[in-house]
Amino acid sequence: MKQAEQPAGGPARTGPVVVIGMDPHKRSATIEVLSGSEKVLGEGRFATDTTGYRTMLAAGRKFPSRLWAVEGANGIGKHLAQRLIADGEEVVDVPAKLSARARVFSTGQGRKTDATDAHSIAVVALRTPNLRAVTVDGEHVALRLLADRRDELGVRRTKTVNRIHKLLLELMPGGTKKFLSAAQAKALVATVRPRDVVGKTRRRIVVALIDELAVTDKLIKAANEELTELVTASGSQLVDLQGIGPSTAARLPGDVGDIARFPSKGHFASWNGTAPIDASSGDSDHRRLFRAGKPAHQPGAAHDGHRPAATRHPGPALLRPEEGGGKVVDGGVTGVEAAPVGRGLSPDGGRRRGAPLRPGAP
């Protein structure tokens, strides 16, 4: 690591003396150390194995007061950010959008290298207040992992059943019914006795697929039981909302994390895509859903995870009186469903009338 002297004297500074910007990758990480006046104090590229990480950590610890700024601390940089936290370092997450903007403004073009990325990340950390502080993985990470596993099993089951349907259609005139269990498929195949080599091959493949389906069903049952147990143990209030089951109750806190990171319920609605944006033109007064939100996180999409609900849920437990006047916009209810879900994610349930998602927020 190239090392330069720290500036001496000057007024006392609050907060970290230096910021260490990191551009992380799976096998390597590039860092740059900036002072409060954006003077480069050091830089280097390190491997992410045990030896390389220890060398990088030692290089950073040469500066008594420091802050590590990691791009994508919840993504590709997660493995390094969590190791730094475990070693007692202070780490903030720098969104990739912010570092990309800083790189374009500082270089005048969009070309990038690991070194320029690390510089941009450090600059963003110096100039941007209230970046999210990285914390040790909590219970919500376990919920997200289990929800991901359950989703993967569901996709596997659907693909297996589709292949079984295709082959049975070629083995049996008219095929079979849409919803098919492993036991039902096995009983149907037992009645088929093809004599040609193609038919025998199809039947053999179907039998193997049915065995795979039976194993997948057992895994799904076990995953559902584990999800239900973990959600119940967490004391989540999301399962009390209509249309939200154990899988979604695990998915939402797993992806959202700490609900307090949203200043208000409006910010949360914008994040999950239920906040309307103005799309009016001329005499047409029109609004639509924010398409940058993640559909799977939209509370109204709890039934299928793909689109917001077309109408408000009839259940009175979902919306409080002051939240019940939502308009249907672009096939979805605008914002009204975000607040109760936000309350369900809050530790205290957010029962105070008109309370923001975070104490002291507007």
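The values are calculated or read from the model by the stated rules, or taken from the named source; none is laboratory data. These figures come from a predicted structure and were not determined experimentally. Cβ coordinates were reconstructed from backbone atoms using ideal geometry, including for glycine residues, and neighbour counts include every protein chain displayed. Areas reflect the complete protein model, heavy atoms only, side chains present, ligands, DNA and RNA absent. Shrake-Rupley method; radii C 1.70, N 1.55, O 1.52, S 1.80 Å.
With a threshold of 20 Å on the Cα-Cα distance, the over-threshold entries among 178/200; 159/186; 177/221; 78/159; 26/62 are 178/200; 177/221; 78/159; 26/62.
Which whole-number value in Å² is the accessible area per residue of the range 48-148, probe 1.4 Å? Mind showing how you got there, number by number?
On the way: 5120 Å² over 101 residues.
Ligands and nucleic acids excluded, the result is 51 Å² per residue.
Under a 5 Å amide H cut-off, with hydrogens placed 1.01 Å from N, residue 43 pairs with 2, 33 among residues at least 5 apart or on other chains. Annotation: amide H of residue 71 within the under-5 Å range of 22, 94, sequence separation 5 or more or interchain, hydrogens built in the peptide plane.
Below 14 angstrom from the Cβ of residue 114, what's the summed charge of the other residues (Lys, Arg +1; Asp, Glu -1)?
On the way: positive: 26, 27, 45, 103, 111, 112; negative: 23, 32, 43, 71, 117.
So the environment of residue 114 carries a net charge of +1.
For the range 107-213, carbon and sulfur atoms together expose 57% of the accessible surface, with a 1.4 angstrom probe and every protein chain in place.
Hey, can you find the accessible area per residue of the range 216-278 for me, probe 1.4 Å, expressed in square angstrom? Write down the numbers at each step before the final one.
Values: 2830 Å² over 63 residues.
Ligands and nucleic acids excluded, the result is 45 Å² per residue.
Extending 7 Å from Cα along the Cβ direction at residue 163 and again at residue 96 yields two label points whose distance is 3.1 nm.
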